[in-house]
Amino acid sequence: MTQPSTTSRSKLALLFFCTAMPMGMWNVPLANIYAAYGREHLVPWVLATSAVAAFISPLFVGALADQKLSPTLLLRWLALATGLALALSCTALAQGWNDGLVLLCAQVQALVATPVWSITSSIIFSQLHTPAKQFGPLRACATFGWMAGCWIVSFVLHADASLVAGYTAAGLWLLVMSLSWTLPLIQPADMQGRRSFRQILGLDAIDLLKNPDHRVVFITAALYSIPLAAFYPYTARHLKDLGVENVSAVISLAQTTEVLTMLLLAGVLARFRLKWVFLSGISICVFRYSLNSLDTRQWIMIGTTLHGFAFTLYFITTQIYLEERIDRKWRVRAQALLYLLMSGVGNLIGYLGGGWWHAACTHSGITDWSRFWLGESALTAAVCLFFAIAYRGIHRQPDAPPPPDPASSPA
């Protein structure tokens, strides 16, 4: 893509805010909505549709953005398609369509929605001069959008188990589409005429795994996403079992620390080695799942609040790492590969495995939540140990500028 332009920070912040809001409105109450319409048994499979889509659309769309079409145009039409597909999914539930058609609608929605986040992030990165300092505060606006979506669902629409949340989110995707007209038409950084089949599918991004540090960061993102996939669907169920109302609003506590961490991230990255920043995020996740295993409202709320640290210190740091360590012409595909490994490999295993583990911890309709969360905590601890052993990184003296990364090119 092109070099940074003068796009105002307010436009970029608004784009992040409005893109995240419909995601929060639908994704957080999704499990309870499906249960309210008698389709609770489909929840693991509906969640898995996003993982299946992540194997297909992000790299394909990322390759288009790097080599063929403006990411701005791609965002515009993906936002429209996402809104229409979400409205269709809600209609399938409302009209009582059979399970196969409900899952088909969910899969179509996932295919068009999955690339949106990586495309949005790449557009914003392309407009920044110093991503390590500027991205955190802008990304915090996305978290505010997610929180606003949750609050609207709980306190305005009172739709924690209603399709009103889904139809409202579908309408908001049209707002995202309209915002694309306020953005510059960013040109691909690696414009190509004829492309090989491998390039069309974006499979050449796999070459990024040749670099040992990149490989560990990518693989850890996939592994860490497995236990992390349990957070939203099963925290919502756990809170409901404990008699908590306004579940979406309670889960939005996770975003309070997410915002705080993003605002402080530039200073953290300037003072500490990347390895310790990555490890601290995964370690906090081990601790917060352990708190959930105590099976009380108070401890779960504290554990939920810690989610912001657990998520941001690894995944947002990873996005910045890729922007600074990867050659410019590969950056959209690098973000897409990250999304594939997180939402494809990690979430697919996490959703289906989490569904199996939840079923194994449930007897006569009662879930042993202590056992469930201790299992997730042990899995996260194993990921933490893997990263601690495998990642090497660049050693540098405090306050010294990092040396150039000789392996930043995927060659």
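Here are a few things to note about the model shown:
- The lone exception for residue 243 - which of (1) out of contact with any Ser or Thr (no Cβ under 6 Å at 6 or more places or on another chain); (2) on the phi < 0 side of the Ramachandran plot it fails: (2)
- Segment 369-391: number of residues that are over 20 Å from residue 301 (Cβ atoms) and either in contact (Cβ under 8 Å) with a residue 24 or more places away in the chain or touching a helix residue (DSSP H, G or I) at 6+ places or on another chain (Cβ under 9 Å) (or both): 13
- Taking helices (runs of 4 or more DSSP H) as the structural unit, those lying wholly within segment 243-331 and holding at least 2 residues that are touching a Phe, Trp or Tyr at 6+ places or on another chain (Cβ under 9 Å), modelled with pLDDT under 90 and within 30 Å of residue 62 (Cα to Cα) correspond to 253-271, 317-325.
- Check on residue 361, out of contact with any Phe, Trp or Tyr (no Cβ under 8 Å at 6 or more places or on another chain), closer than 30 Å to residue 242 by Cβ and at pLDDT 90 or above: no
- Residue count, segment 181-224 (criterion: assigned to a loop (DSSP other than H, G, I, E, B), hydrophobic (A, V, I, L, M, F, W, C) and at pLDDT below 75): 3
- Hey, residue 75 of a type outside the set (Phe, Trp, Tyr), buried (at least 20 other Cβ atoms within 10 Å of the Cβ) and modelled with pLDDT of 85 or more or not: yes
The values are calculated or read from the model by the stated rules, or taken from the named source; none is laboratory data. Here the structure is a predicted model, which is why all the values come from computation and not from measurement. For neighbour counting, all protein chains shown are included, and Cβ atoms are generated from backbone atoms with ideal geometry for every residue, glycine included.
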